[in-house]
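Reviewing the structure listed below.
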Amino acid sequence: MSRALIRSAGILVSVVIVLWGAATLAFLAFRIIPGDAVSVMLGPQAQVSEEVKDGIRAELGLDRPPLVQYLSYLGGLLHGDLGRSYQLRMPVTEVIGRQLGPTVQLTALALLIALVLALAAALFARRGFARGVVVAAELIVLSSPVFWIGLLLLAVFAFTLGWFPVAGSRTPATLVLPAVTLALPVAALIGQVLRDGIDAAERQPFAETVRARGATPARLVLRHSLRHGAASALTLTAYLVGSLLGGAVLVETVFARPGLGRVTLAAIVNRDLPVVAGIIMLSALVFVIVNVLVELLHPLIDPRLGASGRFEAPAIGERR
Amino acid sequence: MKAAGLWIAGLYLALVALAAFAPDLLATHDPLQTDVRAALQPPSGEHLFGTDQSGRDVLARVVHGAARSAGIGLLATALALVAGLAVGALSGIAPRWADAVLMRVTDILLAFPEFLVALIVVAVLGPGGANVAIAVTIAAVPVYIRLARTQTRTLRVAEHVEAARILGVGRMRAFIRHVVPGVLGSLSVLATIGIGSAILAAAGLSFLGLGPAEPQPEWGLMLAGGRNVLGQAWWISVFPGLAITLTVISATVLGRALRARMEGRAA
């Protein structure tokens, strides 16, 4: 009981540290920008007098001391206030909220495809020629720019074969090629780790015992080694969920889809720093939520982790 | 079979290096010369990789792009290696509290996906080739810092360092002569594998229009230019992408072989 409590407290502390660190980084991004923030947001062509600039500064609160700005930024975050976009003149939460839907659809489908592909590759291509083919495919996919994979899929399946639409987001069919593009590198990474994990599990003594009891190879994999191998794949998957947002920037550009990736790119090109800071906070929030979920899921998947969530293998001399 | 793969990877990288240092040996056309009458021509004897919307020779642009595309990735990796070695090794010998602060900072940086970190750095610094190299460096450096710090902690108490200390070698000298070279060795292996992902990240930023500007030949930028005419002219996008993929595969294969050698097992 007390151990579970300590563990929950530990998770909570690390959640707070990551979110606070992200908020500080996001705030610093405003401060270390070369040149004056107001001149940057107005653009190099703007002919604006100093008085007007001072007015904008006062309106945005940029004339206050840095520490006051920092504290009011943190205070705003506690109320879910991410500030206002320089370019779009509306709250950052609204900018992000409007474009969240298409990106969540894209990344969720991509994650599903990646997990199915990785699982299939790790389970069905374990030995011999099939394994060689899968290993080579993983190397090629991981070495290719994700936007190039997208362009190749477009050239073959949209332009040549005409199976899928070229761009847009109106029909479900438009989601298939972008999701596959985003999924392939993720599938390759998870597949590698899953296969290594299963192989490592089957070299352990318990696998010999299971075989000696007369279990078929299929039963050994499905009932025993997959659970062992899945533990590290799960940790990796949690990390990769965050990276899907970075990938979405490229994939949404290739397929001309609306979404958070496009919002991020526009904010970067226009140097709309409040929106960039909002994306940083969103990414940190996703990281935190996914990692807490994984912490909770781990004991259910890995048989070596007890309810305490800690790996407790008895040392050789300690066995009774 | 393994040896053949290593040879092919090495030869391909030599070809990229040749393209970077002496592009005129590999491409006869001018990468910037436009010719509207020769726009969007498919691959032929005259233009082996075809021509783009402005009639520029795609082969010449791929060859001349090598210096910039592979160069940015290489530069970013080298910077990450040096910065990682300096910060990580210092953290490894720093007082406990300084080490703890530094590790929490890298923890937070590691919480963000690499490509997103690179994007944010470009948002702060502004677009351009040099800024892309800095952005990719900052995105990659936490991993180097972590490895350098762990290796420093391990090597400081290694037997050969203890032996040097007992023989009367000073603390600073033992650190520089016996600890740092070992750390550098492990970081170099990481860097060889890391070159690939650095090239991919830099190409991604260029593809989004945040890197070198037109009309400079750069592989990621060429792919972006080919996107709008993909239905009519696949060659504009396919060849620069192939150049990136082959470069990254070659670097990864060599890096993995190097790592296997360091760890004393077969590749």
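The values are calculated or read from the model by the stated rules, or taken from the named source; none is laboratory data. Computed from a prediction, not measured in an experiment: that's the story for all the values here. No Cβ is skipped: glycine too gets one built from the backbone with ideal geometry, and neighbour counts run over all protein chains shown.
Only one of A:Ala120, A:Ala114, A:Ala110 is assigned to a helix (DSSP H, G or I) and surrounded by fewer than 14 Cβ atoms within 10 Å (Cβ to Cβ). Can you tell me which? Give the derivation first.
Numbers: A:Ala114 fails: surrounded by fewer than 14 Cβ atoms within 10 Å (Cβ to Cβ); A:Ala110 fails: surrounded by fewer than 14 Cβ atoms within 10 Å (Cβ to Cβ).
Exactly one residue qualifies, and that residue is A:Ala120.
Within 28 Å of A:Ala238 (Cβ to Cβ), in a loop (DSSP other than H, G, I, E, B) and away from chain B (no Cβ under 14 Å): does that describe A:Arg170? So that I can check it myself, show each step before the final result.
On the way: within 28 Å of A:Ala238 (Cβ to Cβ): no; in a loop (DSSP other than H, G, I, E, B): yes; away from chain B (no Cβ under 14 Å): yes.
Criteria not met by A:Arg170.
Which of the following residues is over 19 Å from the mean Cα position of the chain (by Cα) and within 14 Å of chain B (Cβ to nearest Cβ): A:Ala256, A:Ala238?
Details: A:Ala238 fails: over 19 Å from the mean Cα position of the chain (by Cα).
Of the residues listed, the single one that is over 19 Å from the mean Cα position of the chain (by Cα) and within 14 Å of chain B (Cβ to nearest Cβ) is A:Ala256.
Would you tally the residues in region A:185-241 being touching a residue at least 40 places away in the same chain (Cβ under 8 Å) and either closer than 30 Å to A:Val288 by Cβ or touching a Pro at 6+ places or on another chain (Cβ under 7 Å) (or both)?
26
Go through (1) on the phi < 0 side of the Ramachandran plot; (2) over 13 Å from the mean Cα position of the chain (by Cα); (3) surrounded by fewer than 20 Cβ atoms within 10 Å (Cβ to Cβ); (4) in contact (Cβ under 8 Å) with a residue 12 or more places away in the chain one by one and return the number of the condition A:Leu285 breaks.
Among (1) on the phi < 0 side of the Ramachandran plot; (2) over 13 Å from the mean Cα position of the chain (by Cα); (3) surrounded by fewer than 20 Cβ atoms within 10 Å (Cβ to Cβ); (4) in contact (Cβ under 8 Å) with a residue 12 or more places away in the chain, A:Leu285 violates only (2).
For region B:49-134, which fully contained helices (runs of 4 or more DSSP H) count at least 3 residues that are more than 9 Å from every other protein chain (Cβ to nearest Cβ) and touching a Phe, Trp or Tyr at 6+ places or on another chain (Cβ under 8 Å)?
Details: elements: B:58-93, B:96-111, B:114-125.
Those helices (runs of 4 or more DSSP H) span B:58-93.
Looking at A:Ala277, is it more than 7 Å from chain B (Cβ to nearest Cβ), more than 22 Å from A:Ile149 (Cα to Cα), touching a residue at least 12 places away in the same chain (Cβ under 8 Å) and crowded, with 23+ Cβ neighbours inside 10 Å? Before you say what the answer is, go through the steps one by one.
Details: more than 7 Å from chain B (Cβ to nearest Cβ): yes; more than 22 Å from A:Ile149 (Cα to Cα): yes; touching a residue at least 12 places away in the same chain (Cβ under 8 Å): yes; crowded, with 23+ Cβ neighbours inside 10 Å: yes.
For A:Ala277, the condition - more than 7 Å from chain B (Cβ to nearest Cβ), more than 22 Å from A:Ile149 (Cα to Cα), touching a residue at least 12 places away in the same chain (Cβ under 8 Å) and crowded, with 23+ Cβ neighbours inside 10 Å - is met.
Give the residues of region A:254-274 that are surrounded by fewer than 19 Cβ atoms within 10 Å (Cβ to Cβ) and polar (S, T, N, Q), sorted by residue number.
Selection gives A:Asn270 alone.
Does any residue of region B:197-216 turn out to be farther than 28 Å from B:Ala19 by Cα and out of contact with any His (no Cβ under 7 Å at 6 or more places or on another chain)?
The answer is no; no qualifying residue exists.
Please go through region A:132-156 and give me each residue that is touching a Leu at 6+ places or on another chain (Cβ under 7 Å) and surrounded by fewer than 17 Cβ atoms within 10 Å (Cβ to Cβ), ordered by number.
Hits for region A:132-156: nothing passes.
This table checks each residue for (1) of a type in the set (Asp, Glu); (2) modelled with pLDDT under 75; (3) assigned to a helix (DSSP H, G or I); (4) surrounded by 14 or more Cβ atoms within 10 Å (Cβ to Cβ).
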site: A:Ala4; (1), (2), (3), (4): no, yes, yes, no
site: A:Arg7; (1), (2), (3), (4): no, no, yes, yes
site: A:Leu12; (1), (2), (3), (4): no, no, yes, no
site: A:Val15; (1), (2), (3), (4): no, no, yes, yes
site: A:Val18; (1), (2), (3), (4): no, no, yes, yes
site: A:Gly35; (1), (2), (3), (4): no, yes, no, no
site: A:Val38; (1), (2), (3), (4): no, yes, yes, yes
site: A:Pro44; (1), (2), (3), (4): no, yes, no, no
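Tell me yes or no: at least one residue of region A:237-252 is within 30 Å of B:Gly204 (Cβ to Cβ) and of a type in the set (Asp, Glu). Outline the logic, then answer.
Residues of region A:237-252 that are within 30 Å of B:Gly204 (Cβ to Cβ), as a first pass: A:237-252.
Restricting the remaining residues to those that are of a type in the set (Asp, Glu) gives A:252.
Checked region A:237-252: at least one residue is within 30 Å of B:Gly204 (Cβ to Cβ) and of a type in the set (Asp, Glu).
Might you check whether a residue that is hydroxyl-bearing (Ser, Thr, Tyr), modelled with pLDDT under 90 and surrounded by fewer than 24 Cβ atoms within 10 Å (Cβ to Cβ) occurs anywhere in region B:194-202? Steps first, please.
Step one: filter region B:194-202 for residues hydroxyl-bearing (Ser, Thr, Tyr), giving B:197.
Checking which are modelled with pLDDT under 90 leaves us with none.
No - not one qualifying residue is present in region B:194-202.
Is there any pair with a first residue in region A:46-62 that is part of a helix (DSSP H, G or I) and surrounded by 12 or more Cβ atoms within 10 Å (Cβ to Cβ) and a second that is of a type in the set (Ser, Thr, Tyr) and at pLDDT 75 or above whose Cβ atoms are under 9 Å apart and which are 6 or more apart or on different chains, and what are they?
That search, which allows pairs on different chains as well, returns A:Leu60/A:Tyr86.
For region B:33-41, does any single residue satisfy the condition of being in contact (Cβ under 8 Å) with a residue 40 or more places away in the chain, of a type outside the set (Ser, Thr, Tyr) and more than 18 Å from B:Ser206 (Cβ to Cβ)?
Yes: one or more hits.
Would you be able to tell me the number of residues in region B:150-194 that are aliphatic (A, V, I, L, M), assigned to a helix (DSSP H, G or I) and over 25 Å from B:Ala260 (Cα atoms)?
Result for region B:150-194: 6.
I'd like the full set of residues that are more than 17 Å from B:Ser237 (Cβ to Cβ), touching a Gly at 6+ places or on another chain (Cβ under 6 Å) and of a type outside the set (Gly, Ala, Ser), limited to region B:12-69.
B:Thr34, B:Asp35, B:Val36
Could you give me the residue pairs with C-beta distances under 6 Å whose first residue belongs to region B:92-105 and is surrounded by 14 or more Cβ atoms within 10 Å (Cβ to Cβ), whose second residue is of a type in the set (S, T, N, Q) wherever it lies, and which are 6+ apart or on separate chains?
Correct list of pairs: B:Gly92/B:Thr152; B:Asp99/B:Ser91; B:Leu102/B:Ser91.
Before we move on, is A:Val251 closer than 30 Å to A:Pro165 by Cβ and either more than 10 Å from every other protein chain (Cβ to nearest Cβ) or surrounded by fewer than 21 Cβ atoms within 10 Å (Cβ to Cβ) (or both)?
On the way: closer than 30 Å to A:Pro165 by Cβ: yes; either more than 10 Å from every other protein chain (Cβ to nearest Cβ) or surrounded by fewer than 21 Cβ atoms within 10 Å (Cβ to Cβ) (or both): yes.
Considered against the rule, which asks whether it is closer than 30 Å to A:Pro165 by Cβ and either more than 10 Å from every other protein chain (Cβ to nearest Cβ) or surrounded by fewer than 21 Cβ atoms within 10 Å (Cβ to Cβ) (or both), A:Val251 comes out as yes.
Going by the structure shown, is A:Leu100 touching a residue at least 60 places away in the same chain (Cβ under 8 Å), under 29 Å from B:Ser69 (Cα atoms) and not basic (Lys, Arg)?
When the stated conditions are applied, A:Leu100 does not pass them.
Can you find a residue that is touching a Lys or Arg at 6+ places or on another chain (Cβ under 8 Å) and surrounded by fewer than 24 Cβ atoms within 10 Å (Cβ to Cβ) anywhere in region B:54-76? Show your work before the answer.
Here is the first cut: in region B:54-76, the ones touching a Lys or Arg at 6+ places or on another chain (Cβ under 8 Å) are B:55.
Still in the list and also surrounded by fewer than 24 Cβ atoms within 10 Å (Cβ to Cβ): B:55.
Yes, there is a match, as at least one residue in region B:54-76 is touching a Lys or Arg at 6+ places or on another chain (Cβ under 8 Å) and surrounded by fewer than 24 Cβ atoms within 10 Å (Cβ to Cβ).
Which of (1) in a helix (DSSP H, G or I); (2) more than 10 Å from chain A (Cβ to nearest Cβ); (3) of a type outside the set (A, V, I, L, M, F, W, C) is the odd one out, the single condition B:Gly226 does not satisfy?
Failed condition: (2).
Output the number of residues of region B:1-16 satisfying the condition of being under 20 Å from B:Pro217 (Cβ atoms) and touching a residue at least 24 places away in the same chain (Cβ under 8 Å).
Count: 3.
Somewhere in region B:234-255, is a residue within 12 Å of chain A (Cβ to nearest Cβ), part of a loop (DSSP other than H, G, I, E, B) and modelled with pLDDT of 85 or more?
The answer is yes, given that some residue of region B:234-255 is within 12 Å of chain A (Cβ to nearest Cβ), part of a loop (DSSP other than H, G, I, E, B) and modelled with pLDDT of 85 or more.
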